[in-house]
Amino acid sequence: MEQLVIRLGSQIQEPVNWLVWSAEQNEIIASGVLPDASELSTLRDRAGNRSIIALVPGSDVLLKQITLPAKVGSKALAAIPFMLEDDVTTDIESTYFAIGGREGELQNIAVVQKEKMHFWIDTMNEAGLSCSRLVPDVLALPHVEGAWTAMMLGNEILLRQSHWQGVQGEVSWMIPAIAHLTKHQEEKVVIQNLTELEIPAIPNTELQPDISALPMEVLAKGAMASSFNLLQGEFRPKQNTNGGFKKWRLAAILAGVSLLATLADKGWQASHYSSESNALKAEIQEEFRRAFPEVRRIVSVRKQMNQKMQVLEGSSGGTSMLVMLSQLSPAFSSSKVKPQTIRFDRNRAEIRLQAVASNFESLEKFKTLAEQQGFEVQQGAINNRDDLVMGSLIIRS
């Protein structure tokens, strides 16, 4: 069995690494680097009948873990986006949540912008390549118990910290990021260096060289061994059909019968869930009437509840976004951090913003100054674009 593994970038103009691996011969058949994604169509001959795995930058994928009971149903999994709402700076409707494996009571979740998923899939389709799996590149690095693994690929560093934790980005900001991460570890961090990666002396860190294979060979083996796939739900690839239906007519008929039986069962379930939904709606309306007996007619519980909450907030004097921004003005000015997008949640008295800074230390300086003003600051995903560092921040009053 031969496999074509392609590592895509965050943007169309970024270089694309590729490799063809033979599992039977346990060796590289061919490999190379394309100048940008517009050249992907040149790999159609390489693809042939081989299956394709695409690796995507870890900086575009937020890996999270949430605690769930051992046995959970589909309803609990459907609520995951709302459980991670505080960790996502963009609208939930534009965000995609892929379900990973379980580690005890911890459920692994990968969070990606839907726009980015469409970009990767459309880029492959436009090149005439059919991708069966999409895997974050940091999850293709070897996972070593009690150690981190690091790799140099082009001008980027990939770092895997645990089974479901990793970070990727350009060297210019990844070195300070690694120093920041290791500084907060209680014990010395052992980093297995899989390439000739020159990392300056970092306190609380021990580098162990392990250069036994080419970078894309390591990533290809890791991608094939990984069970995780970002292509789920609405992004699940469609199965190709062929002209041999007549040869399998009996199997098709049996499949049709099975499908009808399944649809009948699903229809019963839908009817059952509809009854449960109606009962729940009635219960919600009853509770709303108990809380606000003056309301005679209920049209939209959610809208009317929001109106009532706005009235209550206005009468009690909620935290003002303008006041918070005014108090944060010295922190912005001193650190030279510039907000790009701002969202204010009056209920939580918090500001969610996407900020840009010249380097990683500027974001750290802003966090320190804001906390000195009495705010609670939570950092989210940090990405590097051109010569700037972009990060998501949640600031609570």
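Among the residues of the stretch 4-24, are any of a type in the set (A, V, I, L, M, F, W, C), without any contact (Cβ under 8 Å) to a residue 60 or more places away in the chain, touching a strand residue (DSSP E or B) at 6+ places or on another chain (Cβ under 8 Å) and not in a strand (DSSP E or B)?
no
Any idea which residue in the stretch 135-167 is surrounded by the most Cβ atoms within 10 Å (Cβ to Cβ), counting only those that are of a type in the set (D, E, K, R) and at pLDDT below 95? Lay out the reasoning, then the answer.
Restricting attention to the stretch 135-167, the residues satisfying the condition of being of a type in the set (D, E, K, R) are 137, 145, 156, 160.
If we keep only those that are at pLDDT below 95 too, we end up with 145, 156.
Working: Glu145: 6, Glu156: 21.
It comes out as Glu156.
Conditions (1) at pLDDT 75 or above; (2) farther than 30 Å from Leu194 by Cα; (3) of a type in the set (Gly, Ala, Ser), marked per residue:
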residue	(1), (2), (3)
Lys221	yes, no, no
Asn229	yes, no, no
Glu234	yes, yes, no
Gly244	no, yes, yes
Ser274	yes, yes, yes
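Can you name the residue in the stretch 351-397 that is in a helix (DSSP H, G or I), aliphatic (A, V, I, L, M) and in contact with a helix residue (DSSP H, G or I) (Cβ under 6 Å, 6 or more places away or on another chain) and is also nearest to Val323 (Cα to Cα) among such residues? Steps first, answer last, please.
Quick first cut of the stretch 351-397, residues in a helix (DSSP H, G or I) only: 360-372.
The next check asks that each one be aliphatic (A, V, I, L, M); those that pass are 363, 369-370.
Those still in the list that are in contact with a helix residue (DSSP H, G or I) (Cβ under 6 Å, 6 or more places away or on another chain) too: 369-370.
On the way: Leu369: 16, Ala370: 14 Å.
It comes out as Ala370.
Would you point out which residue out of Leu325, Leu259, Leu312 is under 30 Å from Ile351 (Cα atoms), in a helix (DSSP H, G or I) and at pLDDT 75 or above?
Details: Leu259 fails: under 30 Å from Ile351 (Cα atoms); Leu312 fails: at pLDDT 75 or above.
Unique residue meeting the criteria: Leu325.
Go through the stretch 132-163 and give me each residue that's in a loop (DSSP other than H, G, I, E, B) and free of Cβ contacts under 8 Å to residues at least 60 places away in the same chain. First the steps, then the outcome.
Here is the first cut: in the stretch 132-163, the ones in a loop (DSSP other than H, G, I, E, B) are 132, 141-147, 154-155, 163.
Matches in the stretch 132-163: His143, Val144, Glu145, Gly146, Asn155.
Can you tell me how many residues within the stretch 369-397 are at pLDDT 85 or above and under 16 Å from Ala179 (Cβ atoms)?
1
Return the total of residues in the stretch 26-74 being within 30 Å of Asn108 (Cα to Cα), among the small types (Gly, Ala, Ser) and outside any helix (DSSP H, G or I).
So the answer is 4.
Could you list, in sequence order, the residues of the stretch 58-97 that are at pLDDT below 90, surrounded by 14 or more Cβ atoms within 10 Å (Cβ to Cβ) and among the polar types (S, T, N, Q)?
Thr89, Thr90
The values are calculated or read from the model by the stated rules, or taken from the named source; none is laboratory data. Treat the numbers as computed from the prediction; the structure is a model and nothing was measured. Methodologically, a virtual Cβ is constructed for each residue, glycine included, from the backbone with ideal geometry; neighbour enumeration extends over all protein chains shown.
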